[in-house]
Structure formats: C-alpha cells, structure tokens
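*Asks:* Pasting in a structure now, in structure tokens, and then I'll have a few things to ask.
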Amino acid sequence: MDSVALRRLGFRLLWIALGVAFAFLVQWVALSSGQFNSNGQRLFFLAGLYVTLAVSLNLINGITGQFSMGHAAFYQVGAYTTGVLAAKFYSDGAGLASKYPLPWLIGMMFAGGLVAALAGFIVGLPSLRLKGDYLAIVTLGFGEIIRIIVQNQKSLGGSYGMDVKPKIDFIWLSTLLAIATIAISRNLLKNVHGLAFLAVREDEVASSAMGVRVTRIKIAAFLLGSALAGAAGALLAHHETFISKDTFPMDLSFIIVTMVVLGGTGSITGSTLAAITLYLIPERMRDLKDVPVSYAALGVIMLIVTVAFVRRTMEKDFSKLRTVKLVAPWFVSIVVVAVGGAALKNVGPLSKVIDGQQLRFVIFALTLITLMLLRPQGIFAHHEFSLQWLKKVLARFTKRSGEVAS
Amino acid sequence: MSLLSLDKATIQFGGLIAVNQVSFSLDKGDIFGLIGPNGAGKTTCFNLITGIYEPTGGSVTFDGKVIAKAGKSAGPESIAKMGICRTFQNIRLYGSLSAIENVMVGGFLRHRTGLFSALFDLKRAADETVELREAGMKLLQAVGLDDVADVRSRDLPYGSQRRLEIARAMATQPKLLLLDEPAAGMNPQEKMDLMEVVRSIRDQFGMTVLLIEHDMRFVMGLCEKIFVLDHGEEIAFGLPEEVRANPKVIAAYLGEAH
Amino acid sequence: MIHSFTDLLAGASLTTLPQQLASGILLGAIYALIALGYTMVYGVLKLINFAHGEVYMLGAYTALFVTWALGFTPNAPNPPEARVWMLLIMLLASMTVCAIVGILIERFAYRPLRNQPRIASLITAIGLSLLLQYGGQLVLPVSPPPSIDSKVNPFSDNVKFVLKQGDSALLTQAAGFQPKVDQAQAAFDAQLKSEKSQFDLSPRGEELKKALEDVKREQKVVTDSANASKVEITLPKGQLIMLGMVVALMAALTYLVMFTKRGRAMRAVSLDFNASSLMGINVDSIVTFTFIVGSSLAGAGAMMTATFLPGTQINTYFGVLPGTKAFVAAVLGGIGNIPGAVLGGMLMGIAEVIVIWLGYDAYKDALAFVVLIAVLIFRPGGLLGSAKVEKV
C-alpha cells in the first residue's frame, strides 16, 4: 500500500471513529438530560430517524429529481417487517431478539431495509414513465395503498396495530444511521456517479443521449432511499414496541417532503437541518400549556403583518436599511405579542385559553407557510453548508451593503 | 468505408411523413453538412440516428451494426455507448451543474467503477472521478472554456453554452458527433471561432462530424460534403459547390418562381 | 358522507345492484363537483390545490352555522318548520364563504409564489391544508362532531322506483305467513303468563316457543326470496334534488366556460399562461375568478352532502377523504379537463360503490389510488386528456 492510500485509509477510519463517537455523545446527552423523562430520550432517538428519512428522501427527490411523496410507506414497511420477524423469533423473552439485542437490531435494519427496497422498486417503476406532479401523485397513491393494505391485514394486527417485542433502545444507533445516510449521500455527490444522478434530475433526454442509463439511476435512487427509510422503520419498531396505522399517518409523508423542500432541494445539509428543526418545533411544544387567546390572536396578526412587510422589503427595498428592515420586524412583533398579549389577557373573550397541544400543529403549519413565502427555494437552495459557502455569502452580503453605501 | 448509413429510413407521425425514404452514408473523418429549409426533417433525422425516435421503415447502420430498423431502435443510451453523440438545437445543458460537471457527465458512460464504490467513496471511484475531471478539463480547453470550468452552465453566455454542449458530447468519446445548429445565435466572430473548433476536433480526435446549420457561409466553409433535405426527402447530395449550383436546392430555399 | 352510503349497501346480490349504482351516481356527482375545483385550478395555474378539500370542509361548517342561525340549534325544543328558502340560504352562504376563502388562499398563499418553482406552491398548499385542519379545531365546534339537524331537510321522504315487480306468488306467500306468526305469538304470550319466568319455561312453554321460532324463520326465508325477486331503487327525495342541483350547476359551468368572455379567457390562460397575459388578458383576475368558481362548487357540494345525507357528521377532517378522491377523479378524467372531471367523478363514485358491493369495504379508500395509478401508467393524460409529448 503506498502512502497516499494509507493516508486515505487513515482519514476514513478517523471519520468513522468521529461518527461513532458523535453518536455515543448524542446518546450520553440524551440519557443525562432525559434521566427522569423518557420523552426527552425519545426526542433524540426520533430526531435521528427523521434526519435519516429526510436525507434519504433527498436522494430521490432532491438529487435524482424524482418527486416522491410516499416516503412514510417505506418507513412503515421497514417497521412492520421487523414486527413480523420479531413476533416469530421473540418467543417470551427466550428468542434471538432478546438474547442478542444489538446484532438482532442491526439484522432487522438490513431486513427492514431490504423489504422496503423491494417496495421502493415497485413504487419507483412508474417513475420510468411519469414526471413531476404525476409522479408525485402516483407515489402518494402507492404510499396510501401500502398503508391501507397493512391496516387490513389480520396478521399485521389490522387497524388495531401490533406489538413488537422486546424493547431495544439504542439512541446511538439511530444517530449513527442518520450519519451513515448523510455520508452515503455526500459520497455519492463527491464522485462522478452523483453527477449522473444530478444529470437525470436536470434533463432526462440529454442524459440518455449522453449514454447515462436513466432507468437504472432512477431505480437505484428509489432502492437506496427506500432501504434507508426501511432501516429507520426497523429501529422505530423496536423502540416504540407498538406500531399501528396511527404511527404512520398520511401527513408523515408530507412532512418528510416538506423537510426536503424546506432545506433546499438537493442539499444534504439543508435536509438535515430542516428535519431537525421541523421535528423539534412540534415536539418541543409538547410542553406548551394553555395559551390565552390574546397571545394567539395577536401572534397570528403580527405574523401576517411581518411576513407582508418583509416580503415587500425583499422585493422592492434596496436601501441601506434593507437588512434592518428584514430583521427588525421580527423582534418588534415578538415584543408586541408579548406585551400586548399580557395586556389583553384579561379582556373579555380574549381571556379564554387554548390547549397548547392543539396549537402546536397550527404553529407547525404556519411556520411552513411562512418559510415558503419568504424563501421558496429552501433555506440552502442547492447549496451545501460549508465554510467556503458561508464566506461567499458573507462576502456578497458585505459587498452589497458596501455598494449601496458608496 | 462508411461509418454511418441510412437505408430508406422513414419516420411517419400519424399522417405526416417527417422523413421519407432517406438514404445516405457518411465516411469516416468527414465533416458532413445536413441542410434544408425549416421543417425539412433535419432534427428528426438526428433523433432517428440517436435513438430518440424509432424509424417506421428502413434501417440505420453504424459501424457495421444495425442500430435501428422499422419499429425498433437500440435506444439513445446504447447508441451513445456505441459512439454517436449529439448536441441539441435548443441547448439542453444541466443548468445547475458547472461547466466541468457537465463535461464529466458526458464522460461517465465509460465508467468502470460501480455505484457501490461511489457510495462508500472507495479509492477506485475517487480515482476515476479525478481522471474524468482531468479529461474534462482538456476538452474544456479544446473549446476554450477552461477558465469558466466552475461556473454554473446556466450562467454562461449563449455562445459558450453551445461550445460547452460540444465539449460534453465529445466527452463521451464518440466516433460520430452530431451537431444540431451549433452556430445558431452566434455573431460572425464566434462563428469563425466555432469553425476552427470543429475542424480541430476532427483533426485532433479523428471524429466524424455531421452538422445541421442554416448559415450557408458556415456550412459551405466547413463541410466537405452536404446533404439537402426538403419535406423529408433527399433533394441533393454532393460537394458544397455542386449543391450550391443545384437548381432543386435553390428552388427549395427560394421558391419555385426563381 | 361515505358511511351513510355504505349503510345502504348490504350483501352483493344482483338485485341490489341498481340500488348500488344509484348510490354510486349520487356519490360520484359530489366527487365530480369537488373535482371540478381541482381541475380548473390545475388548468390555469398547473397547481394541485391541496387545500381544496379544506374549502369543502368550511362549506359544510358554513351550512351548519346557517342552520343554527335559523333556529335549528342542537337540542332546540321547537325548531321552526323546514322551508325550501332555508336551503337556498344555506346553499348561497356556503358558496359565498367558500368563494371568499378561495380568493384569500389564492391571493395570499399562491400568488406570491407564482414565479417560483411549482414545488414551493405545492408545499404551501400542504401547509394551508394542515393549517385549516388543525386551526379549525381551535375555532370550530368539533366535539362532539356536530351534524345538520335532519329537520332542516323538508325532502326526507323516500321515492321508490320499481324496476321489476316481485314474483307475485312469493309475495302473497310471504304475506300469508303473517297470521300464522301472530297466532303462534299469541299462543306463546298466553302461555308465558302462567310461567314462572321467561328463562325458565315448562315443557309446554318450550314447545310453543320453538313453534314460534320455526314459523318466524320460515317467514323470513320466504320474505327474503320474495324481496330478492323484485328490483327497486329507494332514494330520499333530497338526494334526487341534490343530483338535480349538481346537473344544474354543471350546466351553468359549461355555459360559463364555453360561451362567455371570461370563460374564453379562462381557457386561453389554461392553454398558455404567459401568452394570454401578453394578449391583454388580465390573468390575475382570471385566476381569482377560477378560484371563486371552483371553491363555490365545493361549497355547494359540501352543503348538499351535509344536509341531504342524514347523520353526516362534520369535523375539520371532513374534506380529507372526499378531497383526495375527487382529486383522483380529476386526474382520472384528465386533469385540467372539465368534462373529464365530471366523468372521473362519476366513475370514481360508481367504482367505489361496486367495491363495497363486492364486499371489500376495507379497500374502498385504496381503490381510488389503484385506479389512479393504473390510469397514469397506461394513459398518463387521463381518460379525456392528452399527454404532452416533449419536443427534442
């Protein structure tokens, strides 16, 4: 082995070690922060799964450009595969699953991934003939069909659901899966193969004329994306110990798509950050207690006003104050809502309270709409977050304000 | 020997016969012009040769192999691999990829490493990527775009986009290069440069070139043989000066009354 | 709304088929009405308006509130007498409110994103749909799920269409059983008086009880076969009126689109958005107009289902399933194609009822998607649409 190859190997090992170390760090943080609160631990666990889902969908949607809206179905297939296998091999705490939890779980990730990939293959077939909206609809339909079939199978617990025993709960494994998904996507894009995937997204006709095997690439993207989602499903099944139709609602697919689009289609870092953010927004608000109507009403009003103002500034105002005008309204609104809400808290009908649990999805939806209205190309657009990119953005930013000043 | 030959190739769309019993053959190393008025069926011919359309009759032979016959075609991907590559009349670059990345996609069809090695970033995939990048840079140099290698192709000026398309097609290492109106929208200086580029491609890389072009000065100055289509039918074939003098060609371009 | 239809269906016997088909047509008419909204918006904006199902939901709530305002509040001791003008007010209110909601959605959620990639609008549409579902829970009555008082509907009596008279011999025979049953019942009742309890009968009592059960069973067998020999369709008058209304609305829409200036402009915009604006068509006003028409049709559909299908419960997810199916109907017929939406809606309604009739109730919601996928794969443009071929 020559020295270059050795160094390459060294770097590779270092990265893997860092990834594993990070995964355990996450587990440590989760366990210590959520010592008396299993919900806190669940948060870290699920965050890993959501990142996996979003980044794996980004492979299909963002990188290969095949607009798929049925991603939750693969997640579900992975979970139910695990459920069926666990039921077979569990046998009252004496089976394989309880004797060797870690190898079992890793095995399940592969099994779930494999079956999900099979589903992905079937769902991917229409992508050979359909594009854009139509493909989106068909994938959505496939996802629903899988969901309905599962919930009508007696052997899968029907609409009641099924138990998955035992509870195997490795937070680090979920983090590691997310890291692996990110690494795989990044490796793909680093090499020329990734360019072929991007080429299919950009122009299929030109790609096939350049000899790119469009069909193979589309199928490969679906296989890969669905397998990773299936592996996430396997982890979920053993963590939750009970899966049912309500574990995988129709909205879930929408939410995953939203994560990808919001992060910036094709951007791995974007998908990752958007997944964490969009997952945490409703989750963190589980603690939200009763909110007086005065706050909620003022919040909605100020949000509309602020979005309108900021959009106007983005389109028309290039003066020196542009930055201020983009940022300040948010702070002003927060202050107005805080002060006004407190002041009006006891006034007539405004004093009623809203259940925080109901409010959190409303806030989720509002966040979604607001972000889309203000940054439709997604947070990162096509870019990846890197120091270079940050420098470029900052340089452009300072240059622009400098130009205006002179 | 002939590299490509069409034998009574016909394409019919419903009632419209776009290409009617066209036969011609190209010799290795020629720069070949395909001309004719708008709607004569030139681009359809290209789509037929590159496998985007299937012929409804006749056959196409390339390098001794039949690549298309009535109702059947090897398909664009295989045809590209056999050694025919093209540019498009309306530029079809990968807009959000950089110039060098566009060219690298062209080179991808001869890749040796599998998807697996790319997903795990194995050395052989990384090496191949570097190789393709280097080969791509050489091609960008050949068309004079090496200084904008990292610019998004969407942001390049029109003339550069046309040249980038040629570079991308060349990256597939074709034996036959099809250029669909390569000089469209260029100013006279750019056209002169392009003529040089095409000539040097042929000389340096030994490619055979078939091009569609409306600019007669460009065609006459560059092509060694010219084939004229009108209403899907062959009306003339020969050296530039023969074609220029052919009364049928003049009639097709200027109308019968002339 | 789906359940009230399924209740009508029991057993896949051929003689019940006409009744099922009639239900399927009614269901399909509503799907068609909603599908028109999807198809028209897609026609002009090339956008799948995911919030359309929620517009439909708001239409149902509006109708509910109007009935409350008219005095049909839940548990009201003396609701006023049902009148046709009340239904008209409900219809107009639903259509108006939905039209306004449609305008607002277009103006504030879609128009700002018109020059952006379509996926951005699609995500916003999903966001809006979630917002209306969850936000609706905060401000609308949801628990217990309200429904429109059946007394609002003056047309609740049934209309019976006899397609084939029953076998008269069987019918007489069935009718002939009634005296025998009465007799056995009377004998048993008389005996019961001298028994200690209903559950501890003397041998004589047991004998009489058995005789009663036997004769009842025999009666049932004969009655069933007598009923199976006749073919009838029974529909509440209200649902027939609903069908008539749908037809009238569609006729009005056809006139609007085919024979008015605005309709022509709308068709032009759907063929080529940019060229139309260059030709001096005010595309913004046409888009708004499209949303008004599409949303008010959904409003009309919602008001009619909520009123004429007894026991329809309203909640904020009221629009999700009908919305999804109507959307499938629009694609089935060829999205962007108005007659296609009607055809698609009818086919979806009938197909759904047939699946239930065959005994696969559980899969009736999957059916929509199976149909959809089959259509898109084998005829991507839909039944009446044409797939666009990309020019190279």
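*Asks:* 222 nm [θ] for chain C, helices only, -39500 (n - 2.57) per DSSP H run of 4+, per residue, to 500?
*Replies:* On the way: 14 runs with 263 residues, N = 392.
That comes out to -23000 deg cm²/dmol.
*Asks:* Using the Cα atoms of the stretch B:82-155 to build a convex hull, what is its mean projected area in square nanometres?
*Replies:* 5.8 nm²
*Asks:* Keeping the other protein chains in place, figure out the carbon and sulfur percent of the accessible area of chain C, with a 1.4 Å probe.
*Replies:* 63 percent
*Asks:* Now a separate question. When the accessible area of each residue in the stretch A:153-197 is compared between its chain alone and the complete protein assembly (1.4 Å probe; ligands, DNA and RNA ignored), which residues differ by at least 50 Å², being lower in the assembly?
*Replies:* Buried by the other chains: A:Asn191, A:Val192, A:His193, A:Leu195.
*Asks:* May I ask you to derive the relative contact order of chain C, considering only C-alpha pairs under 8 Å and at least 6 residues apart, and to give it as an integer percent?
*Replies:* 37 percent
*Asks:* Among C:Ser277, C:Ser197, C:Ser225, determine the one that fluctuates most according to a GNM of chain C built with springs between C-alpha atoms less than 10 Å apart.
*Replies:* It is C:Ser197.
*Asks:* Report ³J(HN,Hα) in whole Hz for each residue of the stretch A:16-26, in order, from the Karplus equation J = 6.51 cos²θ - 1.76 cosθ + 1.60 where θ = phi - 60°; Gly and Pro get x.
*Replies:* In residue order, the calculated couplings are 4, 4, 4, x, 5, 4, 4, 4, 6, 4, 4 Hz.
*Asks:* Next question, about the same structure. When chain A is modelled as a GNM with alpha-carbon springs shorter than 10 Å, which of A:Ile217, A:Ile243, A:Ile301 fluctuates the most?
*Replies:* The residue that fluctuates most here is A:Ile301.
*Asks:* To test your reading of the geometry: what angle, between 0 and 90 degrees and rounded to tens, separates the Cα axis of helix C:320-333 from the longest principal axis of chain C?
*Replies:* It is inclined by approximately 70 degrees.
*Asks:* Relative to the first principal axis of the alpha-carbon coordinates of chain C, what is the inclination of helix C:364-378, with its axis defined by its Cα atoms, in degrees from 0 to 90 and to the nearest 10?
*Replies:* 40 degrees
*Asks:* What number, in percent, do you get for the relative contact order of chain A if the mean sequence gap of Cα pairs under 8 Å and at least 6 apart is divided by its residue count?
*Replies:* Value for chain A: 24 percent.
*Asks:* Assigning unit charges at the beta carbon (Lys, Arg +1; Asp, Glu -1) and nothing else, what dipole magnitude in debye, to the nearest 20, does the protein assembly as shown show about its Cα centre?
*Replies:* The dipole magnitude comes to about 1440 debye.
*Asks:* Ok, one more. I'd like to know which of A:Ile281, A:Ser319, A:Val150 lies farthest towards the positive end of the charge dipole of the protein assembly as shown, counting +1 on Cβ of Lys and Arg and -1 on Cβ of Asp and Glu.
*Replies:* So the residue we want is A:Ser319.
*Asks:* List every residue whose amide H lies under 5 Å from the amide H of A:Ile354, counting only residues 5 or more places away in sequence or on a different chain, with H placed 1.01 Å from N in the peptide plane.
*Replies:* For A:Ile354, the qualifying residues are A:Val291, A:Val293.
*Asks:* Which Cα, out of B:Thr87, A:Gly270, C:Ile103, lies furthest along the positive dipole direction of the protein assembly as shown (beta carbon charges, K/R +1, D/E -1)?
*Replies:* Towards the positive end, the residue furthest out is A:Gly270.
*Asks:* OK, next. Could you list the square roots of 5 times each eigenvalue of the Cα gyration tensor of the stretch B:217-258, that is, the equivalent ellipsoid semi-axes, sorted largest first and rounded to whole Å? Walk me through the numbers before you get to the answer.
*Replies:* Numbers: eigenvalues 62, 27, 15 Å².
Semi-axes from the Cα gyration tensor: 18, 12, 9 Å.
*Asks:* Further, regarding this structure: Once you compute Rg and the Kirkwood Rh from C-alpha atoms, what is the Rg to Rh ratio for the stretch A:290-375?
*Replies:* 1.05
*Asks:* Classify the stretch A:90-234: rounded, prolate or oblate, from the alpha-carbon gyration tensor (a ≥ b ≥ c, eigenvalue square roots; a/c under 1.5 rounded; otherwise prolate if a/b is larger than b/c)? If you can, show how the numbers build up before the last one.
*Replies:* Values: a/c = 3.29, a/b = 1.60, b/c = 2.05.
Oblate shape, in that a/c is at least 1.5 and b/c is the bigger or equal ratio.
*Asks:* Rank C:Arg217, C:Arg83, C:Arg264 by mean-square fluctuation in a GNM of chain C with C-alpha springs under 10 angstrom and give only the top-ranked residue.
*Replies:* The residue that fluctuates most here is C:Arg217.
*Asks:* Still on this model: Across the stretch B:118-131, in residue order, what do the Karplus-derived ³J(HN,Hα) couplings come to in whole Hz, using 6.51 cos²θ - 1.76 cosθ + 1.60 with θ = phi - 60° and x for Gly and Pro?
*Replies:* 6, 5, 9, 6, 6, 4, 5, 5, 4, 4, 5, 4, 4, 4
*Asks:* Using the Kirkwood formula over every pair of different C-alpha atoms, what hydrodynamic radius in Å results for the protein assembly as shown?
*Replies:* Details: mean 1/r = 0.0299 Å⁻¹.
Averaging 1/r across every pair of different Cα atoms and inverting gives 33.4 Å.
*Asks:* For the stretch A:105-250, calculate the relative contact order in percent as a whole number, restricting contacts to Cα pairs under 8 Å that are 6 or more residues apart.
*Replies:* For the stretch A:105-250, the relative contact order is 53 percent.
*Asks:* While we're on this one: Would you please give the residues with an amide H less than 5 Å from that of B:Arg86, counting only those at least 5 places away or on a separate chain, with H modeled from the backbone geometry?
*Replies:* B:Leu178
*Asks:* If all Cα-Cα distances of the stretch A:1-142 are sorted into 10 Å bins from 0 onward, what percent lands in each bin, rounded to whole numbers?
*Replies:* Distribution as computed: 10, 25, 30, 24, 10, 0 percent.
*Asks:* Still on this structure, I have one more. If you add up the charges near A:Thr139, with Lys and Arg at +1 and Asp and Glu at -1, over every other residue whose beta carbon is less than 15 angstrom from its beta carbon, what do you get?
*Replies:* My count for the surroundings of A:Thr139 gives +2.
*Asks:* Still on this model: I need the P(r) histogram for the stretch C:296-392: all alpha carbon pairs, bin width 10 Å from 0 out to the longest distance, whole percents.
*Replies:* The percentages, shortest bin first, are 15, 40, 32, 9, 2, 0.
*Asks:* Same structure, new question: Residue farthest toward the positive end of the dipole of chain B, with Cβ of Lys/Arg at +1 and Asp/Glu at -1: which of B:Leu222, B:Thr10, B:Ala236?
*Replies:* B:Thr10
*Asks:* Hey, could you grab the Kirkwood Rh for the stretch B:139-258? Inverse mean 1/r over distinct alpha carbon pairs, Å, one decimal.
*Replies:* That comes to 15.7 Å for the stretch B:139-258.
*Asks:* Estimate for me the total accessible surface buried between chains A and C (protein heavy atoms, probe 1.4 Å, no ligands or nucleic acids), in Å² to the nearest 100.
*Replies:* 3600 Å²
*Asks:* Sticking with this one: For the stretch C:234-249, take each phi angle, set θ = phi - 60°, evaluate the Karplus expression 6.51 cos²θ - 1.76 cosθ + 1.60, and give the result in whole Hz per residue in order, putting x for glycine and proline.
*Replies:* Once rounded to whole Hz, the list reads 10, 9, x, 4, x, 6, 5, 5, 4, 4, x, 4, 4, 4, 4, 4.
*Asks:* For the stretch C:166-229, what is the accessible area per residue in Å², given a 1.4 Å probe and the full set of protein chains?
*Replies:* Per-residue value: 68 Å².
*Asks:* Sequence-distant or interchain residues sharing an amide H contact under 5 Å with B:Ile17, placed H: which?
*Replies:* none
*Asks:* Further, regarding this structure: Which percent of Cα-Cα pairs in the stretch A:3-285 sits in each 5 Å bin, short to long?
*Replies:* Per 5 Å bin, starting at 0, the Cα pair percentages come out as 1, 6, 12, 17, 18, 17, 13, 9, 5, 2, 1, 0, 0.
*Asks:* Scan the stretch A:329-403 for trypsin sites (Lys or Arg not before Pro) in coil per DSSP, keeping those whose Cβ has at most 14 other Cβ atoms within 10 Å, and list them by number. Intermediate results must be reported in sequence, preceding the final value.
*Replies:* On the way: sites: A:Lys345, A:Lys352, A:Arg360, A:Lys391, A:Lys392, A:Arg396, A:Lys399, A:Arg400; in loops: A:Lys345, A:Lys352.
Counting only loop positions with at most 14 other Cβ atoms within 10 Å, the trypsin sites (Lys or Arg not before Pro) in the stretch A:329-403 are A:Lys345, A:Lys352.
*Asks:* Given +1 on the Cβ of Lys and Arg, -1 on the Cβ of Asp and Glu, and no further charges, what dipole in debye does chain B carry about its Cα centre, rounded to the nearest 20?
*Replies:* Charge dipole, chain B, about its Cα centre: 580 debye, nearest 20.
*Asks:* Then there is this: Angle, helix C:203-228 long axis vs. longest principal axis of chain C, Cα atoms, 0 to 90°, nearest 10?
*Replies:* 40 degrees
*Asks:* Continuing with this model, one more query. Taking a probe of 1.4 angstrom, what is the accessible area of B:Arg244 in Å², to the nearest 10?
*Replies:* Approximately 140 Å² for this residue.
*Asks:* Quick check for me: using +1 on Lys/Arg Cβ and -1 on Asp/Glu Cβ, what's the dipole size of the stretch A:290-375 about its Cα centre, in debye to the nearest 20?
*Replies:* Details: 10 positive and 4 negative charges, 75 e Å.
Approximately 360 debye in magnitude.
*Asks:* While we're looking at this one, here's another question. Based on the inverse mean of 1/r over its pairs of different Cα atoms, what is the Kirkwood hydrodynamic radius of chain B, in Å? Working shown, then result.
*Replies:* Values: mean 1/r = 0.0525 Å⁻¹.
That comes to 19.0 Å for chain B.
The values are calculated or read from the model by the stated rules, or taken from the named source; none is laboratory data. The structure presented is a predicted model; accordingly, all values stated were derived computationally and were not measured. All Cβ positions, even for glycine, are placed from backbone atoms using ideal geometry, and neighbour counts span all protein chains on display. Protein only, heavy atoms only, side chains kept; ligands, DNA and RNA dropped before computing areas. Shrake-Rupley method; radii C 1.70, N 1.55, O 1.52, S 1.80 Å.
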